[in-house]
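Participant: Once you've had a glance at the structure underneath, I'll fire off some questions.
The values are calculated or read from the model by the stated rules, or taken from the named source; none is laboratory data. All values reported here derive from a predicted model rather than from experimental measurement. Positions of Cβ are backbone-derived with ideal geometry, glycine not excepted, and every protein chain shown enters the neighbour counts. These accessible areas exclude ligands, DNA and RNA; they are computed on the full protein's heavy atoms, side chains included. Shrake-Rupley method; radii C 1.70, N 1.55, O 1.52, S 1.80 Å.
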Amino acid sequence: MSDMKAIVADTASGLHVEGYEKIEYDFSFVDNVFDTAKDELAQSYKKWGRCLAVMDANIFNVYGERMQKYFDHHEIDLKVHKTMIGEKAKSIETFLSIVDSMNKFGIFRKEPVLVVGGGLVTDVAGFACAAYRRNTNYIRIPTTVIGLIDASVSIKVAVNYGNYKNRLGAYHAPMKTFLDFTFLRTLPEAQIRNGFAELIKISSCADIHTFDLLDMHCEQLISTAFGRSDGASAKVKNAADMIEKDSIKKMLELESPNLHEIGLDRVIAYGHTWSPLHELVPDVPLRHGHAISIDMAYSATLANMRGLLSDSEHKRILNLFSRAGLSMDHHQFDEAILDKGTKAILKTRDGLLRAAVPNPLGECTFLNDVTHDELCAALRKHKEVMKDYPRNGEGLEAFVDASDTGYTMNPQEKVLATKTDSGLLRKIDVINDETVSEVNGAATNGTADGSAKGAPVANGVNGAEKTNGIAKTNGVNGAEKVNGVNGVDSVNGVHANGTNGHTVTNGVAHDRE
């Protein structure tokens, strides 16, 4: 929400306008936000008696029935725009599909759209809200580690344009963000690891206490989804709670004075000097967390060569990356890419490198006077150091897959059918959908099947082949899918590693093994 105060004054040649805009928005830590006993979310929609949600399709597959029951319980009509957004679908076309839904819904000027999903979904839907009538309210519920820790803090919203990441966008603050870390229960370990990098980023340059906690509990935090999975110890859960809250608060303290990025020396840009280019260099792009980890690890070596980071601190931060399974190097991160990345970031940062590096660990400084020869020498040293680490510093599950590639579903694919306790599928009103099937049987990822004996399949996926009532089509990167989405195996209603990695079995969210 914002409030503008301004003055208009006469000048010798005309008029002068000077304005100050008050920006305020809230964060609420609410575990199990869709628990009917909790009304924090419902209170935001009581006035309107309805809610338009823009939601990641796979998140809906996991949490949709729970969410529907929540709004039914609070007597609020719910309409859902389902979408699947990865970097390839973080586009104007996806943006326009959300705008179409807002227009069809007839959103009022001050009525907030609910946005549920990872950072990609909140980016695109937030931009749609920024553009619709120039300023439409929205509320965020992030569902991934990066979404909760990083994207939820920023007010930046955007889409990609051509080969340029986030080239079109705006600064548009949400009314409120609900931070529910129980969503991490259904994330695979690869996505937990991916988000862990953002925590190393902020702590290594701004919060040594949080870095100490990450160092102390690294493996347990990743394996237990930050203490949210069954069997996690109270000690790890308490450490995770402290890490999450302190990191978000520190990010806000650093970013709030500079929400519109007028200042270009940004502590949270550690790891974001060369990674914007290198992230997309491999044939299969690196996950964002792995790309920035390579940048951070290399930058730490550069800082060590300059005497800004001691040998022990340098080794400590590299060891933490390694223990987390994050990338510290890649064979395509070479001198040519380093040079291209430097030239690209100089344009973004108005001609200065502004490379954030820890100095010492837990604090930050910015480098502007580094020569090309020094950068290359640091890279050669870094690659020598990496020989002492597993896989020469390359990370585990470092490349994007169906859980973070994504695409936008065609209208005929957007079929939502939720199984009731009696076994009857009930209709859920979905924006942009022509029909919703209602039959006896089981729902499989938005496709309604009738009886078990070769019953017809309603509204298949992209003209999928239908055999004995089972829809089958080719997935992303050659993966096979059966009744699945985005190239991920899904049989008998069991979905593995869908968009943003959330998993579901028979419509019920479950923990990772």
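Participant: Quick check, is Glu244 within 30 Å of Tyr45 (Cα to Cα), touching a strand residue (DSSP E or B) at 6+ places or on another chain (Cβ under 8 Å) and either hydrophobic (A, V, I, L, M, F, W, C) or part of a helix (DSSP H, G or I) (or both)?
Facilitator: yes
Participant: Please go through the stretch 91-121 and give me each residue that is modelled with pLDDT under 95, under 15 Å from the mean Cα position of the chain (by Cα) and open to solvent by less than 30 Å² (accessible area, probe 1.4 Å), ordered by number.
Facilitator: Once the filter is applied, which keeps residues that are modelled with pLDDT under 95, under 15 Å from the mean Cα position of the chain (by Cα) and open to solvent by less than 30 Å² (accessible area, probe 1.4 Å), the stretch 91-121 yields Gly117, Gly118, Gly119, Val121.
Participant: Could I ask something else about it? What number of residues in the stretch 231-257 are open to solvent by 60 Å² or more (accessible area, probe 1.4 Å) and under 14 Å from Glu219 (Cβ atoms)?
Facilitator: 1
Participant: Moving on. Which residues, counting only those in the stretch 189-219, are charged (D, E, K, R) and either over 18 Å from Leu309 (Cα atoms) or surrounded by 21 or more Cβ atoms within 10 Å (Cβ to Cβ) (or both)?
Facilitator: Matches in the stretch 189-219: Glu189, Arg193, Glu198, Lys201, Asp207, Glu219.
Participant: Within the stretch 17-60, restricting attention to residues that are in contact with a helix residue (DSSP H, G or I) (Cβ under 9 Å, 6 or more places away or on another chain) and of a type in the set (S, T, N, Q), which residue is least open to solvent (accessible area, probe 1.4 Å)?
Facilitator: By that ranking, first place goes to Asn58.
Participant: A further question follows. Could you list, in sequence order, all residues of the stretch 61-85 that are over 13 Å from Ala125 (Cβ atoms), open to solvent by less than 30 Å² (accessible area, probe 1.4 Å) and in a loop (DSSP other than H, G, I, E, B)?
Facilitator: Residues satisfying the conditions are His74, Ile76.
Participant: Additional query: Based on this model, can you work out whether Lys88 counts as open to solvent by 50 Å² or more (accessible area, probe 1.4 Å), modelled with pLDDT under 95 and assigned to a helix (DSSP H, G or I)?
Facilitator: So Lys88 passes the test.
Participant: If I go through the stretch 54-90 residue by residue, how many of them are within 14 Å of Asp35 (Cβ to Cβ) and in contact with an Asp or Glu (Cβ under 9 Å, 6 or more places away or on another chain)?
Facilitator: Residues meeting the conditions: 4.
Participant: Name, by its number, the condition in (1) open to solvent by less than 50 Å² (accessible area, probe 1.4 Å); (2) more than 15 Å from His314 (Cβ to Cβ); (3) not in a loop (DSSP other than H, G, I, E, B) that does not hold for Phe333.
Facilitator: With (1) open to solvent by less than 50 Å² (accessible area, probe 1.4 Å); (2) more than 15 Å from His314 (Cβ to Cβ); (3) not in a loop (DSSP other than H, G, I, E, B) applied to Phe333, the lone miss is (3).
Participant: Based on what the data block shows, is Gly19 farther than 16 Å from Thr122 by Cβ, within 23 Å of the chain's Cα centre (by Cα) and not acidic (Asp, Glu)?
Facilitator: no
Participant: Can you confirm whether the stretch 17-33 contains a residue that is assigned to a loop (DSSP other than H, G, I, E, B), among the small types (Gly, Ala, Ser) and more than 18 Å from Val115 (Cα to Cα)?
Facilitator: No, the stretch 17-33 contains no residue that is assigned to a loop (DSSP other than H, G, I, E, B), among the small types (Gly, Ala, Ser) and more than 18 Å from Val115 (Cα to Cα).
Participant: Continuing with the same structure: Tally up the residues in the stretch 343-384 that are among the β-branched types (Val, Ile, Thr) and touching a strand residue (DSSP E or B) at 6+ places or on another chain (Cβ under 9 Å), please.
Facilitator: Within the stretch 343-384, residues that are among the β-branched types (Val, Ile, Thr) and touching a strand residue (DSSP E or B) at 6+ places or on another chain (Cβ under 9 Å) number 4.
Participant: Filter the stretch 155-188 for residues that are over 19 Å from Leu259 (Cβ atoms), of a type outside the set (Ser, Thr, Tyr) and crowded, with 19+ Cβ neighbours inside 10 Å and give the result.
Facilitator: Scanning the stretch 155-188 gives Val159, Asn160, Phe178, Asp180, Phe181, Phe183, Leu184, Arg185, Leu187, Pro188.
Participant: Taking strands (runs of 3 or more DSSP E) that fall entirely within the stretch 112-185, which contain at least 3 residues that are closer than 22 Å to Glu253 by Cα?
Facilitator: 138-142, 176-179
Participant: Oh, and also: With respect to the numbered conditions (1) under 30 Å from Phe399 (Cα atoms); (2) over 18 Å from the mean Cα position of the chain (by Cα); (3) outside any helix (DSSP H, G or I), which one is the sole condition not fulfilled by Cys51?
Facilitator: Condition (1) is where Cys51 drops out.
Participant: Out of the residues in the stretch 259-291 meeting the condition of being under 16 Å from Ala151 (Cα atoms) and touching a Leu at 6+ places or on another chain (Cβ under 9 Å), tell me which one is surrounded by the most Cβ atoms within 10 Å (Cβ to Cβ).
Facilitator: Gly289
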